[in-house]
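Structure first, commentary second.
What follows draws every value from the coordinates through simple rules; no lab data is involved. A quick note: this is a predicted structure, and the numbers were derived from the prediction, not measured. With ideal geometry, Cβ positions are generated from the backbone for all residues, glycine too; neighbour counts draw on all protein chains shown.
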Amino acid sequence: MAVERVKLGEAWRLVTDRLQLRPFELTDTGWYAAIRAKPEVVRYLPGGEATTARAQPIAVATVAHFAKAWTAVGYGPWAVVERRTGRPIGHAGVRHIAEMGETEVLYMLDSSAWGLGYATEAALAARDFAFEVLQLGRLAAFVVPENLASVAVIEKLGMTFEGIGPAFGLEVARYGLANGAG
């Protein structure tokens with residue numbers, strides 16, 4: 001998969017075969033809230049389906065947090081946009097989790113974009129960016145074990161199962177991958 005990488009000030013934009021991964025902008029909260037308001041999308045995220053009622057304030061806080069990450073640590077999640085249609089479909093990227101001392105590869109896509117290989121495409125681009133551009137030594141991923149589609153994406157990244165335990169208020173499977181092992 002060919003990935004074009006473009007430096008935009010402190011942030012980066014990635015362009016894959018079918019997707020554009022671009023920095024979040026504060027104006028992204030509307031479409032992002034609409035995605036987070038779907039119960040099937042947030043089912044396996046912290047707070048689960050109960051968070052749909054608070055999708056707008058969660059979107060505002062999350063978009064601001066993702067945008068700020070680029071200046072705070074030099075990387076963060078991107079807004080994921082279909083290249084063919086220009087439609088925003090979610091987020092993907094890498095995120096530093098200070099309290100865990102880890103960098104996580106993460107993704108969340110609109111249910112209308114499921115089953116098309118977009119999560120894998122975005123996550124592979126994020127993994128390669130983390131290792132090749134950022135020169136990170138290791139990535140982690142956390143997933144509710146029942147979320148079999150997400151487990152499949154993580155395994156396609158070459159990540160190895162490391163155990164089950166608590167994280168983000170959930171009982172999750174933890175996966176890891178060292179730079180050079182993928």
Task: Net dipole in debye of the range 4-138 [+1 Lys, Arg Cβ; -1 Asp, Glu Cβ; about Cα centre; nearest 20] - done: 200 debye
Task: Radius, Kirkwood style, for the range 117-175 when every pair of distinct Cα atoms is counted (Å) - done: 12.0 Å
Open item on the list: Output wanted: per-residue J couplings in Hz (rounded whole) for the range 133-143, from phi through Karplus 6.51 cos²θ - 1.76 cosθ + 1.60, θ = phi - 60°, x for Gly and Pro.
Closed with: 8, 7, 6, 5, x, 7, 10, 10, 9, 10, 8
TODO: Grab the other residues whose beta carbon is less than 10 angstrom from that of TRP78, score K and R as +1, D and E as -1, and report the net.
DONE: +2
Open item on the list: Can you tell me, using C-alpha contacts under 8 Å and at least 6 residues apart, the relative contact order of the range 4-138 as a whole percent?
Closed with: 22 percent
Task: Cross-link reach list, aspartates and glutamates versus LYS68, counting only Cα pairs under 15 Å and skipping chain neighbours closer than eight places - done: GLU10, GLU25, ASP28
TODO: Once you have a ≥ b ≥ c as the square roots of the Cα gyration tensor eigenvalues for the range 1-44, tell me rounded if a/c is under 1.5, and otherwise prolate or oblate according to whether a/b is larger than b/c.
DONE: oblate
TODO: Would you please classify the overall shape of the range 5-157 from the alpha carbon gyration tensor, given that a ≥ b ≥ c denote the square roots of the eigenvalues, rounded means a/c under 1.5, and beyond that prolate means a/b larger than b/c while oblate covers the rest?
DONE: rounded
Open item on the list: Please compute, for the alpha-carbon atoms of the range 71-182, the extent along each of the three principal axes and give them in descending order in Å.
Closed with: 37, 33, 26
